[in-house]
Amino acid sequence: MGEFQVHRVRFFAYVPAGIRCLAHSPRSARLALARTDGALEVYNFAANYFQEKGIPGHETRTTEALCWAAGDRLFGAGLGGDISEYDLEKLRVKYSLDGFGGPIWSMAADPSGTQLAVGCEDGSVKLFQVLPDKIQFERSLDRQKGRIMSLSWHPSGTHIAVGSIDLLRVFDVKSGHAIQRILVDRRPQGLYSRECVVWSVAFLSDGTIVSSDSVGKVQFWDSEKGTLLETHPVSSSAVLCLAVSEEEDSIVVGTSEGAVYQFQLLPVKWGSAESKWVRTKPFQHHTHDVRAVAHSATALISGGLDAQLVIRPLMERVHGKGYDAALRKFTFPHRRLVSCAKKAGLLLFQFPQHLELWRLGATNSAGKDGDILPVSRAPEHLLQLKSKGPEHICCSCISLCGSWIAYSTASRLHLHRVHLENGSVSVKRVSKVPKLLCSAHQLLCSADSTSLFVASDEGAVHVLKLLEPGGCGHLQTLRPNSGSAQAVYLLAASADGDWLAAAGGDWEINVYSLRHFKPHCTVPAYNCAVTALAIHPVTNNLVITHSDQQVFEFSIPDREYTTWSRKVQQHGLHKGWLERDTPITHITFNPKQPAHILLHDTHMFCILDKSLPLPDDATPLMNQTALKQLSEKARRGYAHAFKICKKYQPLLFVDLLEEGSLVVVERPLMDIKTQLPPPVQQKKFGT
Amino acid sequence: MVAQQPLRVVRCGGSKLSGARAAFSADAKYLLCASGDYVKVYSTATEKCVHILQGHTNLVTGIQLNPQNHMQLYSCSLDGTIKLWDFTDGILIKTFVVGYKLFAFYTLAGSEDSVFIIIPKKNEDFLDWFQLVSVKLPKTPDQEVEANELSLILDDIGQSPKCTAFGREGEYVASVRGLDLLVYFFKKKKVNRFPLSATSRKGANNYFTCVACHPKEDCIASGHKDGKIRLWRNFNHKREYTFSTLHWHHDVVMDLAFSVEGTSLLSGGVESVLVQWREGSDYKKEFLPRLGSTIEHISASPDGTFYCTSHTENKITIIHSNLSVSAVIQGLVKGSDVKTGLVVDPRTKALVLNGKPGHLQFYCLQTDKQLYNLDIVQQEYIHQIGLNQVDLVKAAFSAQGSWLATVEQREEKETELELQMKLWNYDEQTQSFTLNTRINMPHEDHVTALCFRDTDELEDGTPTLVTAGNDGRFKVWVLVNDSDSEKQSMGWSCDFVGSYHNYPATNCCFSEDGSLLAVSFEETVTVWNSDTWDLICTFCHPPGRIQNLCFGRLSCSKYLLGTTDNGFLCCWNLLSCALEWSAQLNVMVLQPDPLSENIAAVSRLLEGSDLFVFKPNEPRPFCIQRNVCRERVQWAVFIPRDVPDSIGSEKHQWLSRSQLYFLTETQDLLTFSTKSAEERLTPSSKQLAVEESLPMTPFSLLLGKHRHQQRSKENADLDTAVVQSHLAQDSPAIKEVRERESVCEINMHI
């Protein structure tokens, strides 16, 4: 696979924000996720759990509740007191509406998806009507004392169960009156007892209310009589969230100890109608509070303050031992957060509210394979660029020569000219950025650093001319022929500056000719999300990876898939490759070895050698260490196209510098854990 | 009984009580438990053994009440029979001969005429394959019937009765073996197999150890090697089965039992804590700790008032359902190693030996009951693998039983030895031993022997103790009066230290009158005057390391006997200071009878141990008993009888005043009996157990008096339960008796 000098970068101090709430839409097989910094992500379960969309966070926006309503519309509400609808095509907040009830703790859509119920700090439950292009306040239910922590609609839509401090209430939607008031046990603590927060409720169709509270109990109540049916102590601390499966035979709860439990409705005896809820499986995948859970048809989904999204399939509901039956953990976004100036040896790190520019270290000694070389020049933190305003950065890029830095927030694009002269750094902001570029979803500089490509809404790509000594001008806007509503989120430009490929939210890849500024062709549609794009510098072949782990090579000049790509499709990829967890997030090439493609995901990087035969399922995919022990001759016999390295974990970025050394950006999970607050103290046996 | 009875080796008491799950009678008044070849019936209120159901010729492996008649009990045994008993009267009703070794036995309320047993596959028990079969019990009026209508239910299952359990109303049977849970559904006639993976990343050890079924719901509880309990539900589906996990035990879950209504689950293991899980919840558990030793079996009474746990230390604890101990039935504690040997307490005539770790147990052989435990080490025993505990290695009583000397040691490494000698005084008021003196490191090295001088015949009467150690010294300890002005106290202190060329001292003993002390140093025996502690003479012929040493008694008190490791038994005359005679005999144990001149020697050749009884003045033994048992005999002791036994045979006259007990390597306590099989089988069941529970009325008192008189005439010492050793089957003497026995049994039933 060739030997490289590797820059092993561990100074990217990225800490992903904790997960605050989840909303699963079984109809579209999508999961919406809100983080504590207000960012929103949408995962597509049909496309191998790919993070399809991302809306950057906002300093003042804290989302407490998410729900899907009226088809595929996504609503969020938070402690700011606003209810917002998200525009998933343009990847931003469509509009916000004040609920006029103080901070909003909970929100749920009614079963038909036409009404939203919102639980507020002042104790009121407000109903909003979902209209085709907005929501409208309808009425308030009877206001009671105590903030509404959680609420749930009865599947018939006639009643709402509400969880508050120390009690549960049932409202009749028609009359708006509270028809039931159920007191929940408090936690005894010395002479006094501590208040019991009902963190989550669920209303089942048979009239049972399930509640989870801060005492650590999951309780089942009869909503008509107001009596306790069953109580299950689950945790010594709080049970923060619960979710019910669509069939109402399984419940998942998450505790502040990081444990997730499943409850199942099981018959007491076979053939008898009597059944009871039994706590069955415990899962301990999180180290911190599990703030949100969701129950899909085949999996338990949990997200916690440790920023992990865990998807645990239920073995009995998954058929076959394939891709779907594997446990999945996502910690890092499926987006590129690092950009590299290959010529200058600079790295640009993107944080939610600032950018960091680093110069890579250097060494003047050489060594054998596996040696750690002494650093003659330590890596240097050159620059920190703080974004202005409350909005978070959504994308950034640095030009290959390292002289231009561009980043964008939800509302505006920023461009900076960087001067690096023997050690001193100076930055000049380009003041006049054309106004039409109000939202950018991806940025890319051309290879010769003369133009900047800005991916925008409705499939458009704006081309900006970068002018020395620090200016820019709008050159062209490229639009697909077909006309698309989705935003473009991936860009790739050819090294000779002739071609630009852009992938949008509808998974269509358009290739534009930059010489004529018009669409050149469209890559044949493939029914899976695109995770990375790159154009080969020599052959101008476009390499595409999809979330189902397929790799395609498309010849731009010939407007067709290459023979190698066809061969791959015919032969099929190795099983081990197809069952990987995370998508390929970046592709790069080695100019000295035109047959090589460098790809990486979170857990490995791979050099794909097109000249070697493809492996079949019988040969092991990860055979690098085994190969090392063989003789040179035998090694050649066993070699196959996939050369995989798993030494660096977890990987955020891999690129090849101009001078031929490899940059590897790692973010060890332990380093993230140390940044988190201490978890709930738990007694462990034997300590 | 004119004909001379052959001497038979019989097992005497101390059988394992925890061999199988105990069973309660329906009203929970009696506890039935398998004990060796017998089934014992205990009263739960008084802890007394009410009946011994005798009849099986091999280990009883399972007992269960007859679901059709709760006054009857089924028992199964390795001898291949199922017996039906009336346990209130102690009468054998019926014997079903199956013809296979039976390892477990189950009955179901629903199936009237068939029961379930676990038998080895193809009747070859060296293969670790067993099968669960159902047996049709024929309904014939005969006493003994063949039951050979077997039908296979589950193949390739575990041998232990704990590994199979029958579910609610006999709908299914669950069996565990290795990593598999098998559930067989009787109605659908199908088997579901649920495999687990051997280990997980978190270090789980998922091997199954036991299983129990919920009596009312479809729920199976299984115990695992890593201490987890899994509650399986929905197991009638091959895929959608589910289980929840309860985890408190840190080591193997030994047994599980549901309460009668199924509201709580009981579990136990090496922690010796009974855990009660309510409603299968991890959060609602209650504990009954400090039960003494590993819980092996748990059972619940049918009326729900009692639980009982059987422990490895041969104990059954009856526990009230509110988790308080209500009664303890304690048998002879059989530890891993009896280091103290068999000692007789002169006061109670009880057998004294190592009991629980760090304890000395006083065991009454007549009633087969433990009298009490004396905590010697006085430290909490911590169950942990690899932890070196303090071990009780030596114990000795003074002649009157007023003093007890014990030695405990703890050996961390070769070089680090902790020794402690304790001297205990018998307190008449509290009727127990109290610690008098504690001596740290009495010797630099292991203590090899200790003995008291019999002081009763001496004028001065100072209690004297001699210890011999591997450090080449013997030390004489005497009781001195170190009373201060204000406080009267007595304590032991070292009086004399003797050595002989720095050879390790291996044995020591006093002559009967206490005037001479013999100490052996490697190959040399030295004799010392116990008044002046002067060396009188030495014996070193023939060469060989001395292993046992004892003085002759009564008329033979001029002789000193010793055995060497190269296979010689020597007798020296103390008057002539010369070797009187010697014989080539590989003696393992040499034991003098305290009441006569007789000395018993147990020798071992290649296989089997032989017993020789002789008088020192005569080199020819007057009693030779070949092949008393297959294993090595570790210890032997003569225990004086309360009443001299009238023994017809001249040859066995030596057994009339005291009885010889011996302990084998496998911890079997055996003795000799001259009684015939007929005598042994005289039914002890005349006493009706029912009367015990009747209220006391003047009439019953009158009747009881009358009966008591009758009974006392009939049997003088039937209390002593003598058991035929199944391990000593090879002994020809026993075989013969066994044949006679079976004839007698049949006669009796006819």
Single condition A:LEU240 does not satisfy, out of (1) in contact with a Gly (Cβ under 6 Å, 6 or more places away or on another chain); (2) away from chain B (no Cβ under 11 Å); (3) surrounded by fewer than 19 Cβ atoms within 10 Å (Cβ to Cβ): (3)
Hey, A:SER272 part of a strand (DSSP E or B) and farther than 18 Å from A:SER150 by Cβ or not: no
Count of residues meeting criterion [among the small types (Gly, Ala, Ser) and not in a loop (DSSP other than H, G, I, E, B)] in the range B:276-319: 3
Residue within the range B:146-167 that is within 10 Å of another protein chain (Cβ to nearest Cβ) and surrounded by fewer than 16 Cβ atoms within 10 Å (Cβ to Cβ) present: no
Boolean, A:GLU224 is among the acidic types (Asp, Glu), surrounded by fewer than 19 Cβ atoms within 10 Å (Cβ to Cβ) and within 14 Å of chain B (Cβ to nearest Cβ): no
Residue within the range A:150-165 that is in a loop (DSSP other than H, G, I, E, B), crowded, with 16+ Cβ neighbours inside 10 Å and hydrophobic (A, V, I, L, M, F, W, C) present: no
Boolean, B:SER222 is farther than 20 Å from B:LEU182 by Cα, assigned to a strand (DSSP E or B), away from chain A (no Cβ under 12 Å) and in contact with a Phe, Trp or Tyr (Cβ under 9 Å, 6 or more places away or on another chain): no
All positions within the range B:81-97 that are surrounded by 19 or more Cβ atoms within 10 Å (Cβ to Cβ) and in a loop (DSSP other than H, G, I, E, B): B:PHE87, B:THR88, B:GLY90
Strands (runs of 3 or more DSSP E) enclosed by the range B:484-565 - at least 1 residues per element that are over 38 Å from the mean Cα position of the chain (by Cα): B:490-499, B:524-529, B:535-539
Only listed residue being closer than 28 Å to A:THR563 by Cβ, part of a strand (DSSP E or B) and either over 31 Å from the mean Cα position of the chain (by Cα) or modelled with pLDDT of 90 or more (or both), chosen from A:LEU466, A:LEU490: A:LEU490
Residues satisfying the stated conditions in the range A:82-98, i.e. surrounded by 19 or more Cβ atoms within 10 Å (Cβ to Cβ) and either touching a His at 6+ places or on another chain (Cβ under 9 Å) or not in a strand (DSSP E or B) (or both): A:LEU88, A:LYS90, A:LEU91
Which numbered condition B:VAL260 misses (of (1) in contact with a Gly (Cβ under 6 Å, 6 or more places away or on another chain); (2) buried (at least 17 other Cβ atoms within 10 Å of the Cβ); (3) away from chain A (no Cβ under 13 Å)): (2)
Residues (closer than 30 Å to A:ASP617 by Cα and surrounded by fewer than 18 Cβ atoms within 10 Å (Cβ to Cβ)) located in the range A:641-665: A:LYS646, A:LYS647, A:GLN649, A:PRO650
Count - residues of the range A:92-108 that are under 17 Å from A:ASP133 (Cα atoms) and either of a type in the set (Gly, Ala, Ser) or touching a Cys at 6+ places or on another chain (Cβ under 8 Å) (or both): 1
Number of the condition not met by A:LYS368 [criteria: (1) among the charged types (D, E, K, R); (2) outside any loop (DSSP other than H, G, I, E, B); (3) free of Cβ contacts under 8 Å to residues at least 40 places away in the same chain]: (2)
Enumeration of residues in the range A:544-576 that are in a helix (DSSP H, G or I) and charged (D, E, K, R): A:ARG566, A:LYS567, A:LYS575
Conditions (1) within 14 Å of chain B (Cβ to nearest Cβ); (2) of a type outside the set (Asp, Glu); (3) within 33 Å of the chain's Cα centre (by Cα); number of the one not met by A:VAL197: (1)
Filter result for A:SER200 (buried (at least 17 other Cβ atoms within 10 Å of the Cβ) and touching a residue at least 60 places away in the same chain (Cβ under 8 Å)): no
Subset of the range A:99-129 that is of a type in the set (A, V, I, L, M) and farther than 11 Å from A:SER140 by Cα - its residue that is surrounded by the fewest Cβ atoms within 10 Å (Cβ to Cβ): A:ALA109
Matching strands (runs of 3 or more DSSP E) fully within the range A:285-334 where at least 3 residues are surrounded by fewer than 21 Cβ atoms within 10 Å (Cβ to Cβ) and at pLDDT below 90: none
Scan of the range B:143-167 for residues that are under 36 Å from the mean Cα position of the chain (by Cα) and outside any strand (DSSP E or B), ordered by number: B:GLN143, B:ALA147, B:ASN148, B:GLY158, B:GLN159, B:SER160, B:PRO161, B:LYS162, B:CYS163, B:GLY167
Failed item, numbered, when B:HIS250 is tested on (1) assigned to a loop (DSSP other than H, G, I, E, B); (2) surrounded by fewer than 18 Cβ atoms within 10 Å (Cβ to Cβ); (3) more than 14 Å from every other protein chain (Cβ to nearest Cβ): (3)
Boolean, B:ARG193 is surrounded by fewer than 21 Cβ atoms within 10 Å (Cβ to Cβ), within 10 Å of another protein chain (Cβ to nearest Cβ) and among the charged types (D, E, K, R): no
Of residues in the range A:246-273 being within 14 Å of chain B (Cβ to nearest Cβ) and polar (S, T, N, Q), the one surrounded by the fewest Cβ atoms within 10 Å (Cβ to Cβ): A:SER272
Residue check for A:GLY504: at pLDDT below 90, farther than 18 Å from A:HIS414 by Cα, under 20 Å from the mean Cα position of the chain (by Cα) and surrounded by 24 or more Cβ atoms within 10 Å (Cβ to Cβ): yes
Meets criteria (closer than 23 Å to B:LEU479 by Cβ, surrounded by fewer than 15 Cβ atoms within 10 Å (Cβ to Cβ) and among the β-branched types (Val, Ile, Thr)) for B:THR448: no
When residues of the range A:274-326 are limited to those that are touching a Gly at 6+ places or on another chain (Cβ under 6 Å) and among the β-branched types (Val, Ile, Thr), the one nearest to the other protein chains (Cβ to nearest Cβ): A:THR287
Answer from B:GLY203, B:GLY227 - the residue that is over 29 Å from B:PRO120 (Cβ atoms), buried (at least 22 other Cβ atoms within 10 Å of the Cβ) and either in contact (Cβ under 8 Å) with a residue 40 or more places away in the chain or more than 10 Å from every other protein chain (Cβ to nearest Cβ) (or both): B:GLY227
Leading residue by the ranking (farthest from the chain's Cα centre (by Cα)) among those in the range B:597-633 that are buried (at least 19 other Cβ atoms within 10 Å of the Cβ) and polar (S, T, N, Q): B:ASN598
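The values are calculated or read from the model by the stated rules, or taken from the named source; none is laboratory data. What you see is a predicted model; the values in this text were computed from it and never measured. Backbone-built Cβ (ideal geometry, glycine too); neighbour counts: all protein chains shown.
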